[in-house]
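One structure is given here, and the rest of the page talks about it.
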Amino acid sequence: MQNWLEFQAVVMAAGKGSRIPEMTATKPKCLLPVGNKPMIYYPLKLLENAGFSETKIIVADNYASDIQEEVDRLGFEMNLSFVPIPSDEDWGTSDSLRHISDFIITDVIVLSCDLITDVDLHEVLNTYRKNNASLVSLYFSTSKDEQCVFTVPGPKSKNKLEKDIIGYDSKTSRLLLMASASDYEETMPLSSSLLNKCLNLSLCSNLLDSHMYIMKRWIIDYLSKNKSMATLKGELLPFVVKEQLSKHVQGQAKGKPNESLDENDEKVDIFNIPKEFNISSLYDVGNKSCAGDLLKCYACIMDSNIGVRANTLFDYCRINKIITKLNLNLEDEKDKISPEAEILSNQFEKNTCFVGPHTKIMEKTSIKSSNIGSRCIINPKTRITDCILMNGVIIEERCVLQNCIVCHDAIISAGCELKDCLISGNFKVPTGGKHYNEVLTAIDRLMEI
Amino acid sequence: MSSNNTNLEKQDILQAVVVASFFHKNFWPAVDKDHSCFVPLVNKPLLYYALNMLDSSDITEVVIFCSSSTADRTKSFVRDTPGFHRLNVIYTSSDTCRSFGDVIRHLDSCALIRNDFVLLWGNVVGKLSLLPLVKSFKDLRKKDKGAVMTLVYQQGDADTGQTLVLSSQTNRILFHNKKKGKINLPLELVLNESVKIRRDLNETNIAICSTAVPPLFADNFDFQTKDDFIKGLLINEEILNSTLYVHVVQDGYVNEVFDWPSYQKVTHDILHRWTYPQVPEIIGKYSLRYGNIYFGDNLKLALTCDVGNDTVIGSDSKLGNGTRILKSVIGKNCTISDNVTIENSYLFDGVTIKNNCVIKFSVIGENCTIKEKSEISDSCILGSGVLIEPNTVLQQHRIHSSNLNNKMKKLNSKAFIYNVENDSDSDEEQEVNGLTYRKRSLTVSSCSSSDDDNSSIAASIPDDTCMFYSEVVDSLIRGFEDHVHCDNLILEINSSRYAYNINYREANFHMIRAMLTLNSKAELEALNQVRYYTQLLSKLDYFLPVLKNYIKNIDSCEDCLSAIEDVAKGEELLNTVVVKVIHHLYDVNILSEESILKWHKKEEDTSQFAKNIRQKTNKLIEWLKEAEEEESESDEDDSS
């Protein structure tokens, strides 16, 4: 096997899923089912399809064994190594990356476990190679194809998005501005250095940040020396993007000792590091406007049909509805409906459902457009439409479920009628309950987080 | 197209409005103010190019606005130019118009506009098919009833200094800014849709307008220029309910000639054939030679004359022996004698140049005569009919053939130097001319100065604290020199503080730092220790009210002391007198003894310098302690 690597891959799977606490109270986010696979399957598959043979997965230590067990069952051919990080210390993505910096010897590609997409990873990598970029970030344009309309389970709430504002050169798609709409009040100042740098700047607020980053090795070095940065998106990225405009970049810092202000003394200068690493980039004169720039960030904007980050309830539901369209892997019949499942139902729509192994679906049930996990038992005289049933769910007789998410090991007692509801893990819905647009959870457990 | 031309009603005929009056005298004295649109560009009047563009776009209904003094010349020009017989021209003129806005208001009052129209200035050069633009504008009007104008811009690759914010999808103008430097974009623009921020768009002075445009100008008397119009429409979008769009010309060539630098650039582009079909051998009778050399008819060239690249020589001209011409345009009927050098210059028709002259980077007006061994260089502009005596050396002068206001320096009976500084007739015009002149010399000399500009812009982006610090330094220096009242200085510092969001303690620190470092490096070197101290004292005393305002409590004293320490660290002279300075500040009741003692005790930072400076102050501290004891004793005495 080839020992020389161009990129090392890191999958961030230690996220707590703080935006969907109802579902992640007792289960790590990366194991939430999408289709019939845990969420983390998709980024890993993306990497494997692109030819990666080794991947590091950052996991929270309290779930490390669960995740390892489940991921091992997915049967990846590539080498997976799990790096546990302390779950009680609230580490950010930068912290995690710093933690493993000793193991990173090449440029690195960082993915989030909730990234589900079918883009060609090579296109993103090529953007990186072509521009000799310091950093490439992948964005999805979300403009088209919002025809998939549905109601999100749980109480009706406004799907309020945190809007990011991305500014990039329209021609070269060099990334020059990263900001959050909440940083500003009424006006957004654009500095003259930014305007001078780029004469044709596009500002977008409707792009979806995939949290996939490819970066040069020296950025990790910088990160390991600069301990104050906790997250990639929140701190490192905006910093690196902003530093591009700093005057250092113009190649003035030619070996001149840092005579500037006192506060710079102990701070590692970000421009010293790349200089040691890629002297060659000083000589590339391919693109006049950025020749000599040591720091070059690019945005890769993809017009993919599926590009979702399943980190909110809305996106989680959405990806579950459109997962069948994902052409990442071959979704053959065997894969969709486990042969180990026992299906006695006569009104079962094979094409629109996923069923996990050891699940028992009794006769006289009607099941449509639903994802059903493993070890579930669905008793007779029930009707299930547009639902997500995680592992070990028991649904007793005469239940009607529509557009619900039922988390693992929950029990729906007989005669329940649930519509647009979210039932959290291990919860037992009492007999005959009728609920609409509700989150059903054992409150005390939710408070723990 | 099924509609038949003959059946077209008058309503449907596309009109074009050409504004052939520029309201500037950028080309003076080479041409008279009102005749700017007749300045010869590659031996054709400037207006020719705009009309030619209309003609080649099959627009025949043309309204030409010109000032009344040029109306006859315009009419005869259009009538006598063979290519323009198709044009059906309506002339309109007015003496009261003082700006572009006035022209449009004049058009409104004359009711000459019947339909959507193409508006262009008489200084437009290039080729652009206008009909597709008009068509897409009509389509646009169906979608957006409020669309009143599509402005045409040419894509460039240099910074134009003008910022346009366009909607990515529709190219609608959302924001417009002509100033350099940072801009404040309303956040809602960005959140609603994705936008493009363009700084690479060059103006072309072509616009497709709806019939709503003239009434808009009529309703808003403060619209003087196109920029006023854009600005006004954007600000009052809800009230006026009018929207503006942009069309960017990607391929093809459109440019405008508004001053000498742009004149130079466009001439160069014409000679290099970017403007095809507006190239010399198509619009005039020239034969093209290798190296973009265009020869007119009936030339008399001496055998030994050397005609270099990028040169046009108008018909019936004569070139003498040993004459060199490079990158220049020579008009018709010019007589150039022997051993003349002409580089990067523009000679209008009928110029006579005698032996051994040198002409570089200059414009020579019609029928000028330049006598032997004269040297004219570096952006000289000669008006028509000027006579230059032998052996004259001229640089960066503008010369007119008659003395206009008796303030011009006389060279001879037919040459008067126009002096920018002495001319106090009208400030406004002076400014326009001066700017043009400087621009020209900039482009002519080298680009080094513009590089400097860039670097200074790049250098001027430090963080807020540094900005605050430098502003305070500025305020203090100016305050000290101009004897500004300290209360005003306090106000200034406070406003800087709010502007850069600096908290009190940081402000104190930087204010003291600034005060102690007011002398420049050079000044410092010239000063010895004693004089430095006296100077410093005088400054500190002057700023005493400022100090009193900021250094009020223990915390601020602490900031003050740490600032002194900080400056002393980098400034040897201050270091030598630091004890005196602290003592002085104590004497004038700025620093309390409590704070000095506290500062002295603070030993946690162990740098050598901090120790040294504290050692130096030991004596002061002892003295202070004694004084304190005495004081407390006396206090006790009082109380007992």
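What to note about this one:
- Rounded if a/c under 1.5, otherwise prolate or oblate - region A:333-448, Cα gyration tensor axes: prolate
- R0 of 30 Å, Cβ-Cβ distance B:Thr576-B:Ser470: FRET efficiency to nearest 0.05: 0.70
- With every protein chain in place, region A:333-448: carbon and sulfur % of accessible area (1.4 Å): 48 percent
- Neighbouring partner chain Cβ atoms per residue of A:191-198, average, 10 Å criterion: 6
- Solvent-accessible area per residue, Å², over the protein assembly as shown with all protein chains present [probe radius 1.4 Å]: 46 Å²
- Between amide H atoms placed 1.01 Å from N, distances below 5 Å from B:Trp121 occur with B:Val19, all of them 5 or more places distant or on a separate chain.
- Looking at the protein assembly as shown alone, DSSP beta bridges between its own residues are antiparallel in about 35 percent of cases.
- Peptides A:349-361, B:48-60 ordered by average Cβ neighbours within 10 Å, highest first: B:48-60, A:349-361
- The fraction of accessible area contributed by carbon and sulfur in region B:331-428 is 38 percent, rounded to a whole number (1.4 Å probe; ligands and nucleic acids excluded).
- Residues of region A:95-128 with amide N under 17 Å of the 7 Å Cα→Cβ point at A:Thr231: A:95-98, A:111-115
- For region A:369-449, GluC sites (Glu not before Pro) are listed when DSSP marks them as loop and at most 13 other Cβ atoms sit within 10 Å of their Cβ; the list is empty.
- Phi to ³J(HN,Hα) by Karplus 6.51 cos²θ - 1.76 cosθ + 1.60 over region A:301-308, Hz, x for Gly, Pro: 9, 10, 9, 8, 6, 10, x, 9
- The B and A chains share an interface that buries close to 2400 Å² of accessible area, total over both sides, probe 1.4 Å.
- Calculated on alpha-carbon atoms, Rg and Dmax of the protein assembly as shown in Å: 38.6, 119
- Applying 1/(1 + (r/R0)^6) with r as the Cβ-Cβ distance of A:Ser101 and B:Asn528 and R0 = 60 angstrom yields a FRET efficiency of 0.65.
- For region A:349-426, the number of Lys pairs with C-alpha atoms closer than 18 Å, counting only pairs eight or more positions apart or on separate chains, is 9.
- Spin-label model distance (nm) - B:Ser136 vs B:Asp95, 7 Å beyond Cα toward Cβ: 4.4 nm
- Rounded to the nearest 500, the 222 nm mean residue ellipticity of the protein assembly as shown from helices alone is -9500 deg cm²/dmol, with -39,500 (n - 2.57) taken per DSSP H run of at least 4 residues.
- As a rough guide to protection, the peptides B:28-35, A:14-21 ranked by mean Cβ packing within 10 Å, highest first, stand as B:28-35, A:14-21.
- Cβ-derived FRET efficiency at R0 30 Å, B:Asn192 paired with A:Ser246, nearest 0.05: 0.45
- Span-rule helices in chain B, defined as complete DSSP H runs reaching 24 Å or more along the axis (Cα) with Kyte mean at least -0.5: B:464-482, B:554-570
- Computed over region A:333-448: relative contact order in percent, which uses C-alpha pairs under 8 Å that are six or more apart: 15 percent
- Rounded to two decimals, the Cα radius of gyration of chain B over 2.2 N^0.38 Å is 1.34.
- In this simple spin-label model, placing a label point 7 Å from the Cα along the Cα-to-Cβ direction at both A:Ser81 and A:Leu5 gives a separation of 0.7 nm.
- Considering only GluC sites (Glu not before Pro) in DSSP loops that have at most 11 other Cβ atoms within 10 Å, the longest stretch of chain B without any of them is B:10-420.
- Take each residue in A:177-189, count the other chain C-beta atoms within 10 Å of its C-beta, and the mean is 3.
- Rh (Kirkwood; distinct C-alpha pairs) - region A:2-78, Å: 13.3 Å
- Under 26 Å from the Cα of B:Lys300 - lysines, other chains or at least 8 residues apart: B:Lys44, B:Lys285, B:Lys318, B:Lys327, B:Lys332, B:Lys354, B:Lys360, B:Lys371, B:Lys373
- Potential extension, A:Glu342-A:Glu162 segment - 0.36 nm per residue separation minus Cα distance: 60.5 nm
- Bridge orientation summary for chain B: considering DSSP beta bridges with both residues in this region, about 35 percent are antiparallel.
- Loop-located chymotrypsin sites (Phe, Trp or Tyr not before Pro) in region B:235-296, at most 16 other Cβ atoms within 10 Å (DSSP): B:Tyr290
- Low-density loop positions, trypsin sites (Lys or Arg not before Pro), region B:548-597 - DSSP coil, at most 15 other Cβ in 10 Å: B:Lys552
- Length available on full extension from A:Thr352 to A:Ser170: 0.36 nm per residue minus the Cα-Cα distance, which gives 61.4 nm.
- Averaged over the residues of peptide B:564-574, the number of Cβ atoms from other protein chains lying within 10 Å of each residue's Cβ is 0.
The values are calculated or read from the model by the stated rules, or taken from the named source; none is laboratory data. Everything numeric in this text was worked out from a predicted model, so none of it was measured. Positions of Cβ are generated from backbone atoms using ideal geometry, with glycine treated the same way; all protein chains shown enter the neighbour counts. Surface areas here come from the heavy atoms of the whole protein model, side chains and all, with no ligands, DNA or RNA. Shrake-Rupley method; radii C 1.70, N 1.55, O 1.52, S 1.80 Å.
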